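Scroll down for the structure; my scribbles are underneath it.
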Amino acid sequence: MRPEALALFQPDGMKAGELELRSFASADDHVLEGALVAGDGRWFPILEGVPSFLTGILQRDLSEFARRHDLPLKATTAGLAAAEQAKTNETFSDKWRRFKNYGFDDAHKEFLFDWYRKKFGFQTVEELKAFYKSRRRILECGPGSGFNTRFMAENTEGEVFALDISDAAFTTFGNTKGLPNCSVVQADLMAAPFADESFDFIIADGVLHHTPDTRAAVEALYRKLAPGGQFFFYVYRKMGAARQFCDAHIREHFTKLSPEDCYAACEGLTDLGRALSKLAATITLEKPIPVLGIPAGTHDVQRLIYYNFVKCFWNEAFDYETNNMVNFDWYHPHNAWQHTGEEVESWLKGLGVKTFTFNDANPNGISVLLTKPAG
């Protein structure tokens, strides 16, 4: 954490400037271990360069940290939603400890940023870079490895803040700590430690459906968006009946597994995706199958099964372990909601949003770019 980031932090129930920075260890302009302390005795640790604003069951055991630095012990409580979120955090903490270099390989970049520009509705990656350039302050929720955090920070004249509830925050810090306009925090996006209307662009790509309540997560981040600012999010689309059945059946078994066992269990699905992809076969359906959500037309066989029956992801841009991780990412998290376009549009109308676009980058998800009214 760079000391200058302190001015932006404002956890719920606190006023701007209320936190005092105490540094216990530092290097290369970063506080690596420290605490952010409020006048009423509340405090938040800085661990491995990342300020952590988690509370209750979501926070790690801080008893030894508190003892070493003469800080009061924190109480740990857990409601049902927090307990489920803690299980989801286990999935993503494990994932991003394993895949710290995801998105940094050249083949990854070509695939991922081409996908990003499609989700934004742009024709080229250069348009995506231009979109970020003039931003004053960006918030990214759920950065994973930090590959997109880095891309935005390298292509904007403003500040970029990355927020993650899991240990992905530490992976992102490791991959972005050399960038002078980039900061990372560990926090629940439902209680992002910033004042309302702090950001002119917010991005949450594939994140909000992993919270206890997707709509509430959209509303929580919308409050942090400045009038006239833009908000991009991508959420899982409600799939056809056959895919829903298979997903529910697999998740019933896989969410109970340890991350290690779930990776192993996903290998059969990954092998299926690879084998189907190698076929390079297509079929043409003269008529749609509306009851299963399958349109008419020519379909790649692997994509047909992937989109409509079971997630068996395979992409030649990734190695085997990364392909397997994508399938793990779908089937292991405890919170993983799916939504319809009509449902998402109703959320936006409820917020008073009049300017928004839905970009169909793929059949699995809903990509939304909205603008908050300036008035």
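Return the only residue of 169, 192 being among the aliphatic types (A, V, I, L, M) and touching a Cys at 6+ places or on another chain (Cβ under 9 Å). So that I can check it myself, show each step before the final result.
Numbers: 169 fails: touching a Cys at 6+ places or on another chain (Cβ under 9 Å).
Unique residue meeting the criteria: 192.
Check the stretch 73-83 and report whether any residue there is among the hydrophobic types (A, V, I, L, M, F, W, C) and over 30 Å from residue 328 (Cα atoms).
Applying the first criterion (among the hydrophobic types (A, V, I, L, M, F, W, C)) to the stretch 73-83 yields 73, 75, 78, 80-83.
Narrowing further to those that are over 30 Å from residue 328 (Cα atoms): 73, 75.
So far as the stretch 73-83 goes, yes, one or more of its residues are among the hydrophobic types (A, V, I, L, M, F, W, C) and over 30 Å from residue 328 (Cα atoms).
Quick one: count up the residues across the stretch 209-223 that are open to solvent by less than 10 Å² (accessible area, probe 1.4 Å) and free of Cβ contacts under 8 Å to residues at least 40 places away in the same chain.
Selection size over the stretch 209-223: 2.
Anything in the stretch 179-201 that is open to solvent by less than 30 Å² (accessible area, probe 1.4 Å), without any contact (Cβ under 8 Å) to a residue 40 or more places away in the chain and more than 21 Å from residue 54 (Cβ to Cβ)? List them, or say none.
Result: 179, single match.
Within the set of pairs 6 or more residues apart or between chains, which connect a residue that is on the phi > 0 side of the Ramachandran plot inside the stretch 137-150 to a residue that is assigned to a loop (DSSP other than H, G, I, E, B) and open to solvent by 10 Å² or more (accessible area, probe 1.4 Å) with Cβ atoms less than 6 Å apart?
Note: pairs meeting the criteria are 142/207.
In the stretch 79-113, which residues are touching a helix residue (DSSP H, G or I) at 6+ places or on another chain (Cβ under 7 Å) and not in a helix (DSSP H, G or I)?
99, 100, 102, 103, 104
Across the stretch 129-178, which residue is most open to solvent (accessible area, probe 1.4 Å) among those that are of a type in the set (S, T, N, Q) and more than 24 Å from residue 210 (Cβ to Cβ)?
In the first step, residues of the stretch 129-178 are kept if they are of a type in the set (S, T, N, Q); the result is 134, 145, 148-149, 155-156, 166, 171-172, 175-176.
Then drop every residue that is not more than 24 Å from residue 210 (Cβ to Cβ), which leaves 134, 155-156.
Working: 134: 95, 155: 37, 156: 18 Å².
Among those that are of a type in the set (S, T, N, Q) and more than 24 Å from residue 210 (Cβ to Cβ), it is 134.
Among the residues of the stretch 99-118, write down those that are touching a residue at least 12 places away in the same chain (Cβ under 8 Å) and open to solvent by 50 Å² or more (accessible area, probe 1.4 Å).
In the first step, residues of the stretch 99-118 are kept if they are touching a residue at least 12 places away in the same chain (Cβ under 8 Å); the result is 99-104, 107-113, 115-116, 118.
Hits for the stretch 99-118 are 100, 101, 104, 109, 110, 111, 115, 118.
Can you tell me how many residues within the stretch 171-193 are out of contact with any helix residue (DSSP H, G or I) (no Cβ under 8 Å at 6 or more places or on another chain), more than 21 Å from residue 225 (Cα to Cα) and not basic (Lys, Arg)?
Final tally of qualifying residues: 4.
Quick one: how many residues across the stretch 320-348 are under 22 Å from residue 251 (Cβ atoms) and hydroxyl-bearing (Ser, Thr, Tyr)? Steps first, please.
Keep residues of the stretch 320-348 that are under 22 Å from residue 251 (Cβ atoms), which gives 321-340, 343-344.
Now restrict to residues that are hydroxyl-bearing (Ser, Thr, Tyr): 322, 331, 340.
Qualifying residue count, the stretch 320-348: 3.
Looking only at residues in the stretch 74-94 that are at pLDDT below 85 and of a type in the set (A, V, I, L, M, F, W, C), which one is most open to solvent (accessible area, probe 1.4 Å)?
80
The values are calculated or read from the model by the stated rules, or taken from the named source; none is laboratory data. This is a predicted model, so every value here is computed, not measured. As a convention, Cβ positions derive from the backbone with ideal geometry for all residues, glycine included, and neighbour counts pool all protein chains shown. Side chains are part of the model used for accessible areas, which takes the heavy atoms of the whole protein and leaves out ligands, DNA and RNA. Shrake-Rupley method; radii C 1.70, N 1.55, O 1.52, S 1.80 Å.
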